[in-house]
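I have placed the structure first, in the form of structure tokens, so that the comments after it can refer back to it.
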Amino acid sequence: MTRGLYFSTMGMLANMAQLDNISNNLANADTAGYKKDEIMFKAYLEKEFRNYDSTDINRGKHVGYMETALIADETKPILEQGQITTTNNPLDFAIFGDGFFKVMRNNNIYYSRNGEFNRNDKGFLVTSEGDYVLDENNKPIQIPQNFNVDEKGNIYNGNQLTGQKIAIVNLENPSKFGINLFTGNEIKADNFRIIQGSIEKSNVNTLKEMINLINANRAFNILEKSVTTQDTMTGKVIESAQRI
């Protein structure tokens, strides 16, 4: 009975994590360049084995086996291509294919698929949050009034190259930083095309996420009722034992 209560509670915790994740995806469905997150679940025993230091015989205590409980192990971004939408705004850019823009925030370099850029009062290309967009030399990009960008990121002033190029890089094992930024080890990006005057929409399928939300909420309610039932049964067993 106690084990059943334990498994039901673990299931509720897993579903709560799933509900939070789905809600976050839905909240950012209209955020340009947003990549949906998915939660990876692991068996409880598998998680314990990975964290347990078998070389230290004095560490930990054997408490039995829990073979079917699941826990949320990690959250991973799904980097599938989002739909490209034309805006005709010359400050909007979409990446078709692999790669990320490089941006600088507080002297730290991050990466993003969100190409909704602006031109600040000093003529620098910046994100909607004010972060500098970087070139291949990790320098902020200063753009002229009459500019255009080709598919590889070369910046032109009319028909003349400015000498700056929007940096596009790939990431090895990218991790999210906040909502729409990434960190990771840079690797070369080859399979990409920059499209000026367009943005990449999020890759969130709202219909699918709504179905997942309903299913996760339903599973949570079932497990919640199971916990209540088992708690009631435990109380009755204790009352019966007290009468003996």
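The values are calculated or read from the model by the stated rules, or taken from the named source; none is laboratory data. Nothing here was measured: the structure is a model prediction, and the numbers come from that model. Cβ: placed from backbone, ideal geometry, glycine included. Neighbour counts: every protein chain shown.
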Got at least one residue in region 132-142 being at pLDDT below 95, on the phi > 0 side of the Ramachandran plot and either assigned to a strand (DSSP E or B) or not acidic (Asp, Glu) (or both)? no
Residues satisfying the stated conditions in region 129-150, i.e. buried (at least 18 other Cβ atoms within 10 Å of the Cβ) and within 30 Å of the chain's Cα centre (by Cα): Asp131, Tyr132, Val133, Leu134, Asp135, Pro140, Ile141, Val149
Residue check, Asn114 under 19 Å from Thr87 (Cβ atoms), assigned to a loop (DSSP other than H, G, I, E, B), out of contact with any strand residue (DSSP E or B) (no Cβ under 6 Å at 6 or more places or on another chain) and at pLDDT 95 or above: yes
Looking only at region 199-224, which residues are surrounded by fewer than 18 Cβ atoms within 10 Å (Cβ to Cβ), over 14 Å from Ile22 (Cβ atoms) and among the β-branched types (Val, Ile, Thr)? Ile222
Could you identify the single residue in Asp190, Asp121 that is within 26 Å of Thr85 (Cβ to Cβ) and in a loop (DSSP other than H, G, I, E, B)? Asp190
Exactly one of (1) surrounded by fewer than 18 Cβ atoms within 10 Å (Cβ to Cβ); (2) within 30 Å of Ile39 (Cβ to Cβ) is unmet by Phe124. Its number? (2)
Report yes if Ile199 is at pLDDT 95 or above and more than 18 Å from the chain's Cα centre (by Cα), otherwise no. yes
Identify, please: which residue in region 175-188 is modelled with pLDDT of 95 or more and of a type in the set (A, V, I, L, M) and is, among those, surrounded by the most Cβ atoms within 10 Å (Cβ to Cβ)? Leu181
For region 98-111, the count of residues that are assigned to a strand (DSSP E or B) and exposed (fewer than 15 other Cβ atoms within 10 Å of the Cβ) equals 1
